[in-house]
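The values are calculated or read from the model by the stated rules, or taken from the named source; none is laboratory data. Computed from a predicted model, the values in this text were never measured in an experiment. Neighbour counts run over all protein chains shown; Cβ positions are idealised from the backbone, glycine included. Ligands, DNA and RNA are excluded from the accessible area calculation, which covers all protein heavy atoms including side chains. Shrake-Rupley method; radii C 1.70, N 1.55, O 1.52, S 1.80 Å.
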Amino acid sequence: MKTSSYYTLFVALGLLFASCKKDNYKAPSSTFSGRLVYQGEPINVGFNDVYFELWEPGWGKSSAIPMSVSQDGAFSALLFNGHYKVIIPASQGPFRSLSDKTTNTDTMLLTVSGNIKQDIEVMPYYMIRSPKFTTTGKELTATFRAEKIIKDVNARDIEKVALYVCKTQFVNPANSIKSKEVSAADIADPANISLQLTIPDVVPLQKTVFARVAIKIAGVEDMLYSPVQEINL
Amino acid sequence: MKKSLLYIGLCIFALNTGCNDKDFLNVPPSNVLQNEQLWNDEGLILSVLADLYDRYPDRQTDPNNGIPSMVTQTIDNWAEFARFDEAFASENGQYWRHSSREYNYVFPGMIVAGNIEITYWDYAYIRELNIFIDKCATSTKLKQEVKDRFIAEARYLRASVYFEEVKRVGGVPLILQPLEYDYKGDPAYLQHARAKESEIYDFVISEMDSIKKYVPASPVSKTRVTAGLAQATKIRAALYAGSIAKHGVTTPQVSLPGGEVGIPSSMAAKYYTTALQTAQELIGSGSYSLYKKNADNVTQNFVSLFIDKGANPEVIFAKDYKLQSGRVQPWTLWSQPRSNAEEQQGGRLNPSLNLVQSFELLDNSFAPLPVKTAGGDYIYYNDPQDLFANRDPRLAATVILPGTEFKDKKVDIWAGYIKKDGSIVTGSNFGAKAKLDGVNDVQVVGFDGPVNNLEFSAQTGFIVRKYMDPTVGSGRIGTQSEVWWIRYRYAEVLLNAAEAAFELGQAGVAADYINQVRERAGFKTPLTAAQITFGRIVHERKVELAFEGHEFWDMKRWRLAHIIWNGRNTDLTLTPGDETAVSTRVFGLWPYKIYDPGSPNNGKYVFKQILPGAVTAPHEFRLGNYYGFIMDDIRNNNPKIVKNPNQ
């Protein structure tokens with residue numbers, strides 16, 4: 001009796017451990033990465049502001065894979081090998097998406113097979129050129145040049161320029177501990193914009209803070225930023 | 001053995017000889033009502049209709065039982081009032097409302113099984129209403145006027161759903177017949193494209209016109225459709241459409257080329273005229289009037305307006321509740337002041353300082369609350385109520401202020417003692433005790449708080465009063481409250497009329513309507529026509545209709561939402577009358593007692609403006625939030641549906 005119950009137990013244990021595999025698909029393993037660029041230079045955007053969509057047709061019901069663009073314009077995703085369509089929604093980003101040369105639409109075709117690295121060229125309304133951050137004591141001065149890139153009928157004006165200071169490297173108006181916003185009317189020369197502010201005391205004390213300048217383009221929701229600059233206090 | 005063979009044989013025999021009479025098998029079921037039974041019985045139809053009324057698009061249901069629950073501000077969904085800047089949610093599970101920056105694109109949608117918020121796309125309800133309208137018309141035994149009234153009521157509900165759809169997602173397919181699939185494999189004939197936004201508003205307006213003659217002309221019911229309600233809905237719809245047409249100009253991105261979103265500005269005047277004319281008809285009919293039963297005490301009058309269910313002349317349409325019927329609401333239970341709560345809970349909905357300071361002074365001017373002198377010193381008050389002296393009497397009727405009473409007991413809202421050297425002595429629980437200047441066990445916090453991050457304490461220093469039921473038992477879980485939820489009331493009609501008149505350039509007419517509301521509220525000096533500005537209209541709606549679920553829709557249709565909730569870390573505005581003032585975070589105002597024996601200020605109150613600890617992110621209403629996201633599965637099922645802009 002005792003032996004048979006042991007046998008039962010062992011058989012039961014064996015069954016438990018030998019059950020089927022958890023999943024019959026391998027996890028996606030191909031990386032698609034790159035940056036949003038204009039003539040090879042990355043477009044810096046706000047944290048969690050800009051995304052674009054990947055569609056994989058052929059699966060009946062279609063649903064977009066959202067691709068978040070990080071602050072320095074980079075993106076990456078783990079995907080299954082296959083044929084994808086890349087669409088940047090018209091409302092996204094401080095830029096216009098270029099129409100694709102093969103499809104002649106806003107849709108870009110992408111074949112993923114193994115890891116691929118591919119930048120996406122877009123047409124920004126403006127570029128922030130040579131941003132400089134200088135401090136004297138607690139006084140922070142940022143200077144930059146706003147270069148107008150789109151000059152045809154699609155051109156848009158600057159609504160305002162801004163300087164944000166944050167405790168972390170995620171610099172945007174929501175996280176800022178201090179900001180300075182100047183509306184377009186008060187900008188004398190877009191080629192030489194200068195913004196000043198006094199960095200407030202950081203609680204708890206930090207050795208550095210992070211700053212960015214940004215351009216808000218009239219009628220475009222997402223702002224164009226400079227790269228994040230760490231500032232020693 | 002032989003015996004059992006016999007029995008088996010008998011059984012087979014019995015089975016084989018069952019009757020072959022057709023009538024015998026055609027027994028009418030005893031547990032389901034047949035079409036001809038149902039649609040010829042007035043009482044049964046009324047109960048079907050009651051269920052349809054119950055699903056009016058502000059319902060709060062258990063979504064796991066099949067009917068989606070609405071994400072909306074209503075009396076049994078207190079926390080949704082803390083979504084924007086009217087209030088703070090003092091409950092551990094609700095702090096996310098103040099720490100998440102962005103609103104989902106599907107917001108405001110509906111909640112389905114699994115507590116997932118999806119697009120408000122309520123075609124299941126619309127289908128049932130369409131079936132009701134179809135089947136009720138086939139009835140042969142009902143009196144014509146009874147039948148007409150039932151159908152008109154269902155058509156009202158259907159138009160209300162489309163109104164709600166157009167508010168949330170813009171133009172939607174206008175389906176007015178129950179659709180049937182023919183099982184031939186091609187569902188294309190069931191796929192309808194989205195109507196224009198203006199077409200849905202036109203539909204609502206024209207439905208209200210045509211059902212008006214079939215429903216009672218006088219306000220015999222506050223919970224069923226009457227002619228007055230049809231008019232009030234028409235006014236609201238026309239005003240919404242007009243303001244989208246007019247103010248949509250400022251956000252040209254929020255539109256679609258096919259007109260599914262966005263209304264051409266050329267149509268604004270037409271809609272405003274419809275709204276104003278209909279309002280004048282309704283006002284002229286004399287069916288409704290402002291509630292003035294307590295004319296000698298304007299604050300109490302404004303409190304009673306919401307809780308008095310006996311011959312209330314102001315209410316046009318309400319969702320009613322009844323004690324001991326299973327239909328009660330927990331508004332008072334949830335937000336009753338903790339100091340005299342009937343359960344170990346309450347204090348949840350804390351009006352924000354943003355809202356409190358928007359109540360103007362009795363001389364019709366705006367000012368922040370005077371808590372500090374120009375020199376930066378505190379202003380000392382003998383009684384915390386003195387800070388709010390000479391303010392709009394609606395303030396004390398909308399908000400339980402420190403030092404005022406609820407259920408005949410003074411609330412106990414104060415955050416601690418401030419000593420002479422400026423140090424603060426406080427505690428971390430309701431009515432906490434501490435050592436003060438060598439004396440042990442001195443109470444150092446009010447029994448209502450405020451204490452940061454302590455749920456159920458008045459974390460902004462205020463508690464909501466509107467709709468709070470002063471009846472004994474209203475705060476008990478087992479009893480709760482039967483105060484009704486007013487969906488349409490006469491003061492809103494007056495404000496709608498004022499806005500339409502103002503937008504049509506008739507400032508004098510607008511002043512007349514707005515002054516009626518203000519005079520009832522307790523203002524002695526009427527506004528002149530020249531004083532009526534757009535900001536005045538925005539402001540008046542904000543304070544008169546606070547906690548009635550209007551703010552969000554108003555800010556949306558005025559295209560102000562992305563301006564005032566712009567995602568910036570902005571301090572509280574110093575100009576509360578400014579309609580474009582940024583209000584992304586909810587602020588509070590905490591009373592402190594001064595502990596300085598020997599000084600004349602000892603025991604007096606001072607106030608500190610604070611940001612509740614749970615408020616960690618500013619709200620950002622993005623352009624893509626103006627019209628809710630239509631989810632992929634809807635568009636997969638019907639490729640004719642176009643996406644909403646900016647998402």
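Between the C-alpha center of the range B:568-583 and that of the range B:170-241 there is a gap of 38 Å.
Return the calculated 222 nm mean residue ellipticity for chain A, to the nearest 500 deg cm²/dmol, obtained by summing -39500 (n - 2.57) across DSSP H runs with n ≥ 4 and dividing by the residue count.
Details: 1 runs with 16 residues, N = 233.
One gets -2500 deg cm²/dmol as the mean residue ellipticity at 222 nm.
Given N residues in the protein assembly as shown, what is its alpha carbon radius of gyration divided by 2.2 N^0.38 Å? Mind showing how you got there, number by number?
On the way: Rg = 31.9 Å, N = 880, 2.2 N^0.38 = 28.9 Å.
With N residues counted in the protein assembly as shown, Rg over 2.2 N^0.38 Å equals 1.10.
Restricting attention to the range A:126-232, lysine pairs at least eight places apart or on different chains and with alpha-carbon atoms under 24 angstrom apart total 28.
Suppose a student asked you for the relative contact order of chain A, using Cα pairs under 8 Å spaced at least 6 residues apart; what percent would you report?
Numbers: 507 pairs, mean separation 44.5, N = 233.
The normalised contact order for chain A reaches 19 percent.
Dividing the radius of gyration of the alpha carbons in the range B:545-647 by their Kirkwood radius gives 1.22 for Rg/Rh.
When the alpha carbon gyration tensor of the range A:30-124 is reduced to an equivalent ellipsoid, the three semi-axes, largest first, read 20, 15, 13 Å.
Across the range B:427-521, the relative contact order, built from alpha-carbon pairs under 8 Å that are at least six residues apart, equals 13 percent. Calculate how steeply helix B:534-544 sits against the longest principal axis of the alpha-carbon atoms of chain B, using the helix alpha-carbon long axis, and give the answer as 0 to 90 degrees to the nearest 10. Tilt of helix B:534-544: around 80 degrees. Annotation for the A:B interface, with buried accessible surface near 1400 Å², both sides summed [1.4 Å probe; non-protein components not counted].
Axis angle, to the nearest 10 degrees, between helix B:227-247 and the longest C-alpha principal axis of chain B: 70 degrees.
In the range B:553-596, burial by the other protein chains removes 50 Å² or more of accessible area from B:Arg568, B:Asn569, compared with the chain on its own (1.4 Å probe, ligands and nucleic acids ignored).
Axis of helix A:2-17 versus longest Cα principal axis of chain A: the two differ by about 30°, to the nearest ten degrees.
The range B:370-410 and the range B:22-59 have Cα centres lying 56 Å from one another.
Are there trypsin sites (Lys or Arg not before Pro) in the range A:146-203 that DSSP puts in a loop and that have at most 10 other Cβ atoms within 10 Å, and which ones? Numbers along the way, then the final one.
On the way: sites: A:Lys148, A:Lys151, A:Arg156, A:Lys160, A:Lys167, A:Lys178, A:Lys180; in loops: A:Lys151, A:Arg156, A:Lys167.
Filter output for the range A:146-203: A:Lys151.
Tally up the carbon and sulfur contribution to the accessible surface of the range A:126-232 as a whole percent, 1.4 Å probe, everything protein left in place. Display every interim value, and only then the final one.
Numbers: 2550 of 5220 Å².
Exposed carbon and sulfur together represent 49 percent of the surface.
Solvent-accessible area per residue in the protein assembly as shown equals 45 Å², computed with a 1.4 angstrom probe and all protein chains kept. The tail of the calculated P(r) for the range B:236-390 beyond 18 Å holds 79 percent of all Cα-Cα pairs. Remark on the range A:192-233: accessible area falls by at least 30 square angstrom from chain-alone to full-complex state for A:Gly219, A:Glu221, probe 1.4 angstrom.
Ignoring any ligand, DNA or RNA, what whole percent of the accessible area of the range B:334-488 comes from carbon and sulfur when the probe is 1.4 angstrom?
Numbers: 2680 of 5820 Å².
Looking at the range B:334-488 in its full context, I get 46 percent from C and S.
For the peptides B:589-602, B:437-450, the ranking by packing is B:437-450, B:589-602, with the highest mean count of neighbouring Cβ atoms within 10 Å listed first.
With the cut-off at 20 Å, report for the range B:524-593 the share of all Cα pairs above it, as a whole percent.
Taking all Cα-Cα pairs of the range B:524-593, the fraction more than 20 Å apart is 38 percent.
Among B:Lys372/B:Lys593; B:Lys309/B:Lys466; B:Lys213/B:Lys319; B:Lys222/B:Lys309; B:Lys292/B:Lys409; A:Lys61/A:Lys85, which pairs are too far apart, with a Cα-Cα distance over 18 Å?
On the way: B:Lys372/B:Lys593 15 Å; B:Lys309/B:Lys466 14 Å; B:Lys213/B:Lys319 23 Å; B:Lys222/B:Lys309 10 Å; B:Lys292/B:Lys409 25 Å; A:Lys61/A:Lys85 15 Å.
Going by Cα-Cα distance, B:Lys213/B:Lys319; B:Lys292/B:Lys409 fall outside the 18 Å limit.
Only protein atoms count toward the accessible area here, which uses a 1.4 Å probe; on the range B:277-331, the carbon and sulfur part of that area reaches 46 percent.
The spacing between the range B:612-642 and the range B:93-127, judged by their C-alpha centroids, is 9 Å.
From Cα pairs below 8 angstrom and at least 6 apart in sequence, can you work out the relative contact order of the range B:166-216, rounded to a whole percent? It would help to have the intermediate numbers written out before the result.
On the way: 29 pairs, mean separation 22.7, N = 51.
Once divided by the residue count of the range B:166-216, the mean separation gives 45 percent.
Measuring with a 1.4 angstrom probe and ignoring ligands and nucleic acids, B:Ile205 comes out at about 20 Å² accessible. Across all Cα atoms of the range A:126-232, the radius of gyration (one decimal) and Dmax (whole number) stand at 13.9, 49 Å.
Restricting to DSSP H runs of at least four residues, report the calculated mean residue ellipticity at 222 nm for chain B, -39500 (n - 2.57) per run over all residues, nearest 500 deg cm²/dmol. Only helices count here, giving -10000 deg cm²/dmol. Burial annotation for the range B:246-266: residues with an accessible-area loss of at least 30 Å² between the isolated chain and the complete set of protein chains, computed on heavy atoms with a 1.4 Å probe, are B:Gln253. In the context of the full protein assembly, A:Ser62 retains an accessible surface of approximately 40 Å², using a probe radius of 1.4 Å and ignoring ligands and nucleic acids.
Expressed in units of 2.2 N^0.38 Å, where N is the residue count, the Cα radius of gyration of chain B is 1.10.
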